[in-house]
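Beneath this line is the structure, given in structure tokens, with notes to follow.
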Amino acid sequence: MSSIFLLTVMFQSCQSDEATIHTDDKLKVLSSFSILTEMVEAIGGDKVIVHNVVPIGTDPHEYQPRPNDIRFASGADLFVYNGLNLEGGEKGWFTKLLRSVKADPNKIFKIADQVTPLYLTEKDGSKEVNPHAFISPHIGIIMAEAVRDALKTVDPAHAGFYEETASEYILKLTSIDKLYRQKFGQIPEAQRVFIASEQAFQYLAKEYGLKEGFIWAIDTEENGSPEQLMHAIEFVRTYKPAVLFVESNVDTRPMKAISNETGVPIYSPAIFSDELGRPGQGADTYLKYLEYNLKHIYHGLTGNMEWSK
Amino acid sequence: MGQSFFEFFRYLSEYAFLQNALSVSIVLSVAYSIVGCFIVLRGLALMGDAISHAVLPGVAISYLLQISYFVGAVVFGLMAALGIGFVKENSKIKSDSSIGIVFSAFLALGILLVTKIQSSVNLNNILFGNVLTITNEDRILTYVVSGIVLLAVALFYKELLLTTFDETMAKASGLPVKFINYMVMIMLTLITVVSLQTVGVILVVSLLITPAATAYLLTNKLSSMLWVSTIIGVVSAIIGLYLSATYNLPSGVVMVLAVSCIFVLVFLFNRKTGLVWNKLRLRI
């Protein structure tokens, strides 16, 4: 009776005739999730049309493509995705989507390809790569370069344009990266203790010297098992973070349980990890997202609202 | 085993979330074991399953309107219950088909809403629930709702008993049969909705039906069935939570497996109708 899992949307490749319409000369880019989409839009400017697959508010780890996605994909000139298992890896939905539209391998670019992967803490010793590299601005720079190179490769006619927009964009990222170093550098080490629900902030924590706690390693697995909760509680009791952070896209109940248990308050508003904010939340572009997270993490850790660039 | 049991008590004393989970599980298991008896005796088992699935659109709409999920879920649960009755009474369609039609329509609507809203509230959390991370408000809600349901059973015990076993007789003696039937539906919906937090949509029906059905195999009287059902429910909740905490397993699933094991044992070995005893008796 409860065959909900059979209800997964069937999306056998609906290759329609309208797939190959070329109404204009813009480059059609299919991007897997909001952060990457915004980055491609920023660098591609008016030379590209970007279709975002995983909407904000939806888990990019597991997703069922909709008819619109398939339709766009079958006519796309460039496919970009994060990689590092964000889109489910080899057997994930993105690989299936590419296969179903028979995407040309020369048009597919894994944007985090040049990122040195970090691995999630797994108790059984198995190594699972952490997809959330983009949370850290120093990786954002690497990804912006990769987006630039992808655009230049499939659209050499506008190589100069992409070169220019990308260098501007990377300049902004570099100054945000500096700001991260500066701000976190100001906080005494004992106070640089950060905990959120998912172990998504690993790249950021490692690069900028934060001690990172979490409840679960990755959203796709079971969230809030007894052991996970006990571990997180032990972390909070040992390292005494000033606040507990929750991300925009997680169930807040497990963190509430930990707050209850330890008396450490939950910081509000939520910070962003897997996705950009919706318009009006102050994090609707990648650059704003990075600034937003820094501002709120800094505020949470220090209690200091003073924020000057 | 002994050592891990000791460990469980250590965990219990150390972690408030486990204490909360234990108290919620016990209170809830008392409530659904009692309501479950009436559900089983009235042949409404599938109704429980239907309601638990039909609340999904209510949960989604509550999220959209920023109100407590409880309100939306109860409204949709009752709508489903009434809808099922309405289809059955106003056509020649039998109750099982009527349940199938209504509940799957509600479920589909719920899934559509959840995908459309693109809420970050994980569908998994509604479908499976997690008693370990229950919030304080939800915990109090569970106590209050369970209290109300149990109070209602105590107050209307005689009426419930009569209408369950002999509706014609009850009608003849002037009891408000329809009212009592609605009351059972409302109790069923309330208890299903609060159980969503503990075990989720998919497993709710097991905890509702299995303790009562097991007790039904063991007893001949409603009063003793209620007691036995409650004991089975509470014991399996405790065992489930204990195994879950000790071996790091998802709590709801383990509770369901615990109560199912008890059912299998009783089914095979009870003196009255147990399969094994019957086979032995045949031999002798």
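Cα convex hull of region A:10-174: how many Å³ per residue? Could the numbers behind the result be given before it?
On the way: hull volume 19.6 nm³, N = 165.
In region A:10-174, the Cα hull volume divided by residue count equals 119 Å³.
In degrees, nearest 10, range 0 to 90: what is the angle between the Cα axis of helix A:137-154 and the longest Cα principal axis of chain A?
Roughly 0 degrees between the two axes.
Given a 10 angstrom Cα cut-off, can you work out which residue in A:MET143, A:MET230, A:MET255 is the most mobile in a GNM of chain A?
With Cα springs under 10 Å in chain A, the top fluctuation among A:MET143, A:MET230, A:MET255 is at A:MET230.
Tell me the mean residue ellipticity at 222 nm calculated for chain A from its helices only (DSSP H runs of n ≥ 4, each -39500 (n - 2.57), averaged over every residue, nearest 500).
Working: 9 runs with 120 residues, N = 309.
Result for chain A, helices only: -12500 deg cm²/dmol.
What are the residues whose amide H is under 5 Å from the amide H of A:THR121, where those residues sit 5 or more places off or on another chain and H is modelled from the backbone?
none
Where does helix A:159-186 land angle-wise versus the long Cα axis of chain A, in degrees 0 to 90, nearest 10?
It works out to around 0 degrees.
Give me the base-10 log of I(q)/I(0) for region A:187-302 at each q in 0.18, 0.20 Å⁻¹, Debye formula, one uniform scatterer per Cα, rounded to two decimals.
With one equal scatterer per Cα and no solvent, log10 I(q)/I(0) is -0.89, -1.10.
Below 12 angstrom from the Cβ of A:ILE187, what's the summed charge of the other residues (Lys, Arg +1; Asp, Glu -1)? Mind dumping the intermediate values first?
Values: positive: A:ARG181, A:LYS183, A:ARG192, A:LYS211; negative: A:GLU189.
Net charge in that neighbourhood comes out at +3.
Under a plain spin-label model, where a point goes 7 Å from the Cα along Cα-to-Cβ, how far apart in nm are B:ASN90 and A:GLU163?
Between B:ASN90 and A:GLU163, the label points sit 7.3 nm apart.
Largest first, please: the extent of the C-alpha atoms of chain B along each principal axis, to the nearest Å.
64, 58, 36
Just going by the charge dipole of region A:10-174, with Lys and Arg at +1 and Asp and Glu at -1 on Cβ, which of A:ALA166, A:GLY45, A:ILE142 is farthest out on the positive end?
Farthest towards the positive pole: A:ILE142.
Just how many pairs of Lys in region B:2-283 have C-alpha atoms closer than 21 Å, counting pairs that are eight or more places apart or on different chains? Could you put the intermediate results ahead of the total?
Details: B:LYS88/B:LYS171; B:LYS88/B:LYS178; B:LYS92/B:LYS178; B:LYS94/B:LYS178; B:LYS158/B:LYS171; B:LYS158/B:LYS178; B:LYS158/B:LYS221; B:LYS221/B:LYS272.
Lysine pairs meeting the criterion: 8.
Please report Rg (one decimal) and Dmax (integer) in Å for the Cα set of the protein assembly as shown.
Answer for the protein assembly as shown, Rg first and Dmax second: 27.8, 95 Å.
If you fit an axis through the alpha-carbon atoms of helix A:286-302 and take the longest principal axis of the Cα set of chain A, what angle between them do you get, 0 to 90°, nearest 10?
0 degrees
Top mean-square fluctuation among B:TYR143, B:TYR242, B:TYR157, Gaussian network model of chain B, C-alpha springs under 10 Å?
In the Gaussian network model the winner is B:TYR157.
How big is the shadow of the Cα convex hull of region A:236-300, averaged over all directions, in nm²?
Values: hull surface 17.9 nm².
Directional mean of the projected Cα hull area for region A:236-300 stands at 4.5 nm².
If the only charges are +1 at each Lys and Arg Cβ and -1 at each Asp and Glu Cβ, what is the size of the charge dipole of chain A around the Cα centre, to the nearest 20 debye? Display every interim value, and only then the final one.
Numbers: 30 positive and 42 negative charges, 107 e Å.
That gives chain A a dipole magnitude of about 520 debye.
Under unit Cβ charges (Lys, Arg +1; Asp, Glu -1), what dipole magnitude, rounded to 20 debye, does chain B have relative to its Cα centre?
Details: 16 positive and 10 negative charges, 188 e Å.
Dipole of chain B, to the nearest 20 debye: 900 debye.
From the residues B:VAL276, B:LEU175, B:ILE117, which one has its Cα farthest along the dipole of region B:2-283 in the positive direction, the dipole being from +1 and -1 charges on Cβ of Lys/Arg and Asp/Glu about the Cα centre?
Toward the positive end, the furthest listed residue is B:VAL276.
Please work out whether chain A counts as rounded, prolate or oblate from its C-alpha gyration tensor, where a ≥ b ≥ c are the square roots of the eigenvalues and a/c under 1.5 means rounded, while otherwise a/b larger than b/c means prolate and anything else oblate?
Details: a/c = 2.25, a/b = 1.40, b/c = 1.60.
Verdict is oblate for chain A.
When Lys and Arg each count +1 and Asp and Glu each count -1, what net charge do the other residues less than 11 Å away from A:LEU84, Cβ to Cβ, add up to? The partial results should precede the final answer.
Details: positive: A:LYS110; negative: A:GLU87, A:ASP113, A:GLU128.
Net of charged neighbours comes to -2.
For the pair B:GLN19 and B:THR135, how long in nm is the line joining their label points, each one 7 Å along Cα→Cβ?
In this crude label model, B:GLN19 to B:THR135 measures out at 2.2 nm.
Quote the charge dipole size of region A:187-302 about the Cα centre in Debye, to the nearest 20; the model charges only the Cβ of Lys and Arg (+1) and of Asp and Glu (-1).
Working: 10 positive and 16 negative charges, 107 e Å.
Value, rounded to 20: 520 debye.
Helix-only estimate, please: 222 nm mean residue ellipticity of chain B, summing -39500 (n - 2.57) across DSSP H runs of length 4 or more and dividing by its residues, to the nearest 500.
Details: 14 runs with 240 residues, N = 284.
Computed ellipticity for chain B at 222 nm equals -28500 deg cm²/dmol.
What does the charge count near B:THR163 come to, summing +1 for each Lys or Arg and -1 for each Asp or Glu among other residues with Cβ under 11 Å from its Cβ?
Numbers: positive: B:ARG42, B:LYS158, B:LYS171, B:LYS178; negative: B:GLU159, B:ASP166, B:GLU167.
That works out to +1.
Filter chain B for me: DSSP H helices, axial length by Cα at least 20 angstrom, mean Kyte-Doolittle hydropathy not below 0.5. List them by residue number.
Details: long enough: B:16-41 (37 Å, 1.97); B:69-89 (30 Å, 1.63); B:95-117 (33 Å, 1.68); B:136-155 (28 Å, 1.32); B:177-218 (30 Å, 1.90); B:222-247 (37 Å, 1.60); B:251-269 (27 Å, 2.83).
In chain B, the long hydrophobic H runs are B:16-41, B:69-89, B:95-117, B:136-155, B:177-218, B:222-247, B:251-269.
Taking the dipole about the Cα centre of chain A, with the C-beta of Lys and Arg at +1 and of Asp and Glu at -1, give me whichever of A:HIS61, A:PHE72, A:ILE266 is farthest to the positive side.
Comparing the listed Cα positions along the dipole, A:ILE266 ranks first.
Among the lysines, select those whose C-alpha is under 20 Å from the C-alpha of A:LYS172, and discard any that sit fewer than 8 residues away in the same chain.
A:LYS183, A:LYS288, A:LYS295, A:LYS309
Which one, B:TYR216, B:TYR247, B:TYR182, has the greatest fluctuation when you compute a Gaussian network model over chain B with C-alpha springs under 10 angstrom?
Looking only at B:TYR216, B:TYR247, B:TYR182, the largest GNM fluctuation is found for B:TYR247.
Test of understanding: what is the full-extension gain from B:LEU217 to B:THR115, defined as 0.36 nm times their sequence separation minus their Cα-Cα distance?
Additional length available on full extension: 32.5 nm.
How many nm separate the modelled label positions at A:GLU189 and B:ASN278, each set 7 Å beyond the Cα in the direction of the Cβ?
7.3 nm
Please order B:SER62, B:SER260, A:SER34, B:SER223 by the number of other Cβ within 10 Å, starting at the fewest. List each step's numbers first, then the result.
Working: B:SER62 20, B:SER260 14, A:SER34 26, B:SER223 11.
The order, fewest Cβ neighbours first, is B:SER223, B:SER260, B:SER62, A:SER34.
If r is the Cβ-Cβ distance from A:ARG66 to B:PHE269 and R0 is 51 Å, what FRET efficiency results, to the nearest 0.05?
Details: r = 52 Å, r/R0 = 1.03.
Using R0 = 51 Å, I get an efficiency of 0.45.
Every number here is computed from the coordinates shown, using simple stated rules; none is lab data. Small disclaimer: the values here were computed from a predicted structure and weren't measured. Neighbour counts run over all protein chains shown; Cβ positions are idealised from the backbone, glycine included.
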